[in-house]
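Below is one structure, written out as structure tokens; comments come after it.
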Amino acid sequence: MGAHHFVCRPFPDYHGIYTGESRFAASLWTSCRFNIPWLPDLLFYGQERDSQVTFVPGERLDPNLSEGKHCNFFDMFKNYLKTALRSLLRNRFFSAINIFGLAVSMSICMGIIMLVADQMMYDRYNTKRDRIYRINSIPIGKDGQSLTETATTTLPVKQELIDNYPGIEKGVRIIRGFANNWIEIDQNVNIPVAGYFADPEILDVFEYELEYGNAKTALIEPYSVVLTKKAAKKLFRQENPVGETVKVGDHNLYKVTGVIKETGHKSHIAFDALASLSTIKSMQADGKRRKDLDNWYTYTSGWVYILLEKGTTPKTLSTHLEKIQEKHFAKLTNPDVQQKVKYSIQGMMKITPGPFINNPIGPFLPWVFIYFFAGLAAIVMLTSCFNFTNLSIARSLTRAREIGVRKVTGAMRWQIFLQFLSESVIIALFSLITAIIFLIVLRPLMLELSFARMMKWDLEANYYVYAVFFLFAVIVGLMAGMFPAVVLSGFQPVKVLKSLNTMKLFSNMGLRRALLVLQFTFSLIFILTVIVVFKQLKLFMRADHGFNMEHKIIVQLNNTPAEALKNELLKYSNIESVTAASHIPAAGITYGESVKKSLEDKDWSTLSYYSVDEDYLKNIDVSLKVGRFFSPADGASNKNFIVINEKAVDDFHFNSAADALGQEIIYQKDSSRKQIIGVVKNYNHQLLMEKMGGMALIDNPEEYHLLQVKYSGSFEDAGKTINKAWTKINPSFKVDYKDFEGEVHKIYDIFFGDLVNVLGVIASLAILISCLGLLGMATYSTETRIKEISIRKVLGSNDASLVYLLSKGFFAILAMAIVIAVPIAFLLNNLWLEKLAYHVSMDVGVIVPGVLILMGFGALTIGSQTWRATVLNPVDNLRGE
């Protein structure tokens, strides 16, 4: 065979003439034309069938002879893109599995990104945000131990800082207890509005811009109020309501002095209206409100924010607070009544998301929830990346010839590495487009979650969010393609297939088998957790609380006279009993007071209580163990009595329930005493997550907020009766009533119901992605053994034996995943189950259904491919052999 001369210029400044014989030399020329960089050695010697290829340096190329082209990075990546797209189109099935799997998991992760972005947007609008700090309180127990931190604090600390310490520009007190319902005088309508009392500085510190009114004077005078634009539209027909008056509950008339402009800014302080804090001073003077503005030992009434002067550091503020703490709490004049606290500060940008603390001013998302959601998304993302790695390696084994040619013709390892990595990034970008479509569909469903409505999520995306999405997709592509790219680019051409097949991660376990085992392990853990959470939710919903919840309706009083409405309701034949109460039992709200049995006791203990009238026990069907209940004949004297449960008898160390009768309980807040007149049987007045604690029933009409109405017949008819009675007593307000049992179960539905939904979706996606990976591997395995199957059929093997032959390895993978997942799921679920007072157990009734679900999906996935292989005609597959 004669010598052939081939001309190539692989680099712009490196040129010469290659001469050689045989196909090998021709392949060199081909590689040059397609921009595959050549080895930079001055001499290349290759041997094939006694042929020699030599490099002759130093000769100028003849432009007329040369078809070589300059190789630059743009051309190289353009070539990578072409190759990647061709590879995707040539392997449509595997590409579809990878794109769909990544898209599903990316949509979940992107939802978490939107959630975090939504929370991170709070208070960003404020130009003073880095100088605003909230003063929190850490109550100190009698034993000197710190209790749970609260966002509220002692209100006088604001003025103390401003008057006596440098570096403080302004302070704002925000106090709860403003409004539940409004009545607009001219139209005589009621609209629920949420709001706070606040210092005038709130408009400047938090940069609330007024559309109407003067910000400097709007919150100066008593009984003045500033509305949000949204609240103003609900209350008034005119555009500018400044100067109009409204009545709030049974308070005096309030004058509208401003309307806050709508901006779309997110603030962690949620409200519809702000009333002047000077109103509280007027109410205190009239005896309508407790004097807590100057009380150093009440820390739950409101929140205090401090604006530091420029140049003042947070450490300076902390030092000031330490001095104030020493001044007011080092030596208490009456330790039995005064509560000692320690101050801490929290920057405004660290409130939401932030640490979990008590008494937040508005809904916020603690970091622990973000970590939880992110952990779930990360697991789903990992299963997709495992899929990608698994299928990429399997598919790339069929490209061994391509890898070999590239290596033989001089391609560097980093170039093959970039080739595979670019393919994975392109798949991730295709997945991003699909994921955005999924996210558009999923967003309304996410916002319908009870938890999402409670937290007031909107999950709006912006340019920054989409930029993060794009960056996230690139990172996912790099992460998913990194391992296959490293592995495949690192082996010698003739060893690629052999090395990957023999690679071990564990004893006798190949790489691809290990990844599939991990995928199905995650899937089974999710499945078992969903079953446990669902069973726990059913336990809460069906549990016997010890009191009757059936055929009862809760009616919110909303400043309506309880006795008048009660008497009116009892006139109707379908109303069996009515009682007034402060709050719903076992619904998540607990009132408490610090009490002790005698002055000789060293420590105060917190006793949960309900304010109820004389018909309460009859209404909820709870009996007295000993003693008596409140009597209408005692009238106002009922305020001096108290009824406790059996657990409180034990807590106070009485010898027996009978021994407790006639004893007195001392209240810390005012040193008053209440006599025990009765003991009721224990019933679950708290959430079932908590152990049953001591509880008291007292008669304090000032704390009645609702009526519990027991009815006969249907809920709809009872509702009509309540409407009629309400109209006669308080026609200006719209009645608000709900099902008693539904309100008790509401808290469980918000947390556990939403958790079942979220985990159910995650588990479904995890098993779907895992099955897609299993489907791809089963398809690949079947296709590579199609001739073996045909030969076995010709030799007489039946279909059942062939199905067993093809599927036994995959069922071994499922069995291995079950062995690993069950104990892990058992340990993880017991960690949180043991924290609940009443909980289910992770037993056979949980494990067996979960395992059957996994095996069912696995059998369906594997069987679809193995059965397809057995029905093929062996003649077609062996023709030409």
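Quick one: Debye curve from the C-alpha atoms of the range 714-862, no solvent, what's log10 I(q)/I(0) at q = 0.13, 0.18, 0.22 Å⁻¹? Scattering profile of the range 714-862, log10 relative to I(0): -0.81, -1.14, -1.40.
I'd like to compare 764-773, 736-745: which one has the highest average count of other Cβ atoms within 10 Å, and what's the full order after that?
By packing density, highest mean first, the sequence is 764-773, 736-745.
Give me the percent of the accessible area of the range 644-770 that comes from carbon and sulfur atoms, probe 1.4 Å, all protein chains in place. After summing per-atom areas, the C and S share lands at 49 percent.
For the range 508-572, the Kirkwood estimate of hydrodynamic radius, built from reciprocal distances between every pair of different alpha carbons, is 17.5 Å. Both radii are taken from the alpha-carbon atoms of the range 753-801; with Rh as the Kirkwood radius, Rg/Rh is 1.36. Label-to-label distance, K315 versus K247, with points set 7 angstrom from Cα along the beta-carbon direction: 5.7 nm. Considering every alpha-carbon pair of the range 189-338, the percent of pairs per 5 Å bin, from zero through the bin containing the longest distance, is 2, 8, 15, 18, 16, 14, 11, 8, 5, 3, 1, 0. Calculate, in whole percent, how much of the Cα-Cα pair population of the range 429-478 lies beyond 17 Å. Cα-Cα pairs of the range 429-478 separated by over 17 Å account for 45 percent.
Pairwise Cα distances in the range 537-690 exceed 28 Å for 25 percent of all pairs. The share of accessible area on the range 260-305 that comes from carbon and sulfur is 43 percent, using a 1.4 angstrom probe. Here is the list for the range 576-672: GluC sites (Glu not before Pro) lying in DSSP coil, each with at most 10 other C-beta atoms within 10 angstrom of its C-beta, are E600. Relative contact order of the range 576-664: 26 percent, from C-alpha pairs under 8 Å at least 6 residues apart in sequence.
From the cross-link list K216/K266; K331/K691; K571/K674; K255/K728, which pairs have alpha carbons spaced over 26 Å apart?
Among K216/K266; K331/K691; K571/K674; K255/K728, the Cα-Cα distance tops 26 Å for K331/K691; K571/K674; K255/K728.
Bridgeable lysines around K327 (alpha carbons under 23 Å apart, same-chain partners fewer than 8 residues away excluded): K142, K158, K170, K291, K315, K340, K342, K669.
Pairwise Cα distances in the range 607-651 exceed 15 Å in 47 percent of cases. Averaging the sequence gap over all C-alpha pairs within less than 8 Å and six or more residues apart, then dividing by the number of residues, gives the range 723-881 a relative contact order of 40 percent.
In the context of the full set of protein chains, the range 704-784 has a per residue accessible area of 39 Å² (1.4 Å probe).
The values are calculated or read from the model by the stated rules, or taken from the named source; none is laboratory data. Keep in mind that what you see is a predicted model, and the values were worked out from it rather than measured. Please note: Cβ atoms are built from the backbone with ideal geometry, for glycine as well, and neighbour counts cover all protein chains shown. Calculation scope for accessible area: heavy atoms of the full protein, side chains included, ligands and nucleic acids excluded. Shrake-Rupley method; radii C 1.70, N 1.55, O 1.52, S 1.80 Å.
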